[in-house]
Amino acid sequence: MQLPKSHPRHESLRIRELIAEGIKKGITSEHGLIAHGRGEAFDYLLGEKTNDFALGAIEASAALLLDAKHPVISVNGNSAALVPKELAELSNVLNCPLEINIFHASKEREIKIKDYLLSNGAKNVLLPENDTTLRHLDSNRKYANPKGILEADVVFVPLEDGDRTEALVKNGKKVITVDLNPLSRTAQEATITIVDNIVRAVPLLIKKIIQYKKQYDKNDLNPFNKITNNYNNKIALGDALMKIRQGSSPLPK
Ligand code: PTJ
């Protein structure tokens, strides 16, 4: 679809188009349209910008990921459609695997997402294995890769549908999510919740990781611990809710 740059909702329409294209490519589930619409509504209420509570969560996430022994980035059909290059870059700067994990089961779609990430610069993409499952989980998301999510200490799980974050935490893992809805189960259960649109949050996360890598020497006495200890997810979620309640634009006169 041709989108005139002058359209007042150009950016929102551009992102919506990525999801529609994702469905045509066979990487995004049709349920992804509903998830995206829900996200759009929250983004509207958040002012369609990265707020301070999200910036704080991004800093804490960068520190937690750099401090992790075995971080893994989980990818579903929506995040692959929206930020394929950025997820590949995130995996490359962290030198960690991407792992496909989808809710609406389809082996064919898993392979298409993997190929799409590889064609966007990813080097290390894992698929879940049928004989390896996470405890405390019954949906298709229970399948994991034994060298990926199963072993991970920190898992980056953007746009999650809600049943897995709690299970990952019960399995002893720290979870970072990106979710525009601060009230979702995932947002509430995660260790760190970045309440922002994934298209804005992931580039900022990459920038922060690169900055911290330059700024902190490996020999520094764990600088990342201090950053994560200073972060409080409950406060960040409360600030996001407050922002939604206040609204982003003045009431019409
Ligand atoms: O590819 P699959 O089969 O794994 O399916 C992926 C979806 C996203 C369809 C599935 O996980 C799902 O149904 O998710 P939910 O339960 O709709 O939750 C998705 C969450 O992501 C919601 O809280 C949305 O508000 C939020 N969200 C949607 N779009 C964005 C977003 N958060 C950040 N950035 C977005 N662009």
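The values are calculated or read from the model by the stated rules, or taken from the named source; none is laboratory data. These numbers come from a predicted model, not from an experiment. No Cβ is skipped: glycine too gets one built from the backbone with ideal geometry, and neighbour counts run over all protein chains shown.
So which pairs qualify, if the first residue must be in segment 136-160 and closer than 13 Å to LYS173 by Cβ and free of Cβ contacts under 8 Å to residues at least 40 places away in the same chain, the second must be among the hydroxyl-bearing types (Ser, Thr, Tyr) and away from the ligand (no atom under 16 Å from the Cβ), the Cβ gap must be under 8 Å, and the two must be at least 6 apart or on different chains?
LEU150/THR132
Report every pair of residues separated by at least 6 positions or lying on different chains whose Cβ atoms are under 8 Å apart, first residue within segment 78-90 and in contact (Cβ under 8 Å) with a residue 24 or more places away in the chain, second among the basic types (Lys, Arg) and not in a helix (DSSP H, G or I).
ALA88/LYS123
When you check ARG14 against the structure, is it at pLDDT 95 or above and within 17 Å of ASN197 (Cβ to Cβ), yes or no?
no
So, in segment 14-29, how many residues would count as being β-branched (Val, Ile, Thr) and within 7 Å of the ligand (Cβ to nearest atom)?
2
Test ALA187 against the criterion of being away from the ligand (no atom under 13 Å from the Cβ), under 15 Å from ALA57 (Cα atoms) and among the small types (Gly, Ala, Ser), and give yes or no.
no
Name the residues in segment 30-60 that are among the hydroxyl-bearing types (Ser, Thr, Tyr) and either outside any helix (DSSP H, G or I) or within 8 Å of the ligand (Cβ to nearest atom) (or both), would you?
Scanning segment 30-60 gives a single hit, THR50.
Residues in segment 1-56 that are surrounded by 13 or more Cβ atoms within 10 Å (Cβ to Cβ) and either of a type in the set (S, T, N, Q) or touching a Cys at 6+ places or on another chain (Cβ under 7 Å) (or both): how many?
The number of residues fulfilling the criteria is 5.
Counting only residues that are more than 12 Å from the ligand (Cβ to nearest atom) and touching a Ser or Thr at 6+ places or on another chain (Cβ under 9 Å), how many does segment 153-166 have?
Final tally of qualifying residues: 4.
Could you say whether any residue in segment 229-240 is buried (at least 20 other Cβ atoms within 10 Å of the Cβ), in contact with an Asp or Glu (Cβ under 8 Å, 6 or more places away or on another chain) and part of a helix (DSSP H, G or I)?
No, segment 229-240 contains no residue that is buried (at least 20 other Cβ atoms within 10 Å of the Cβ), in contact with an Asp or Glu (Cβ under 8 Å, 6 or more places away or on another chain) and part of a helix (DSSP H, G or I).
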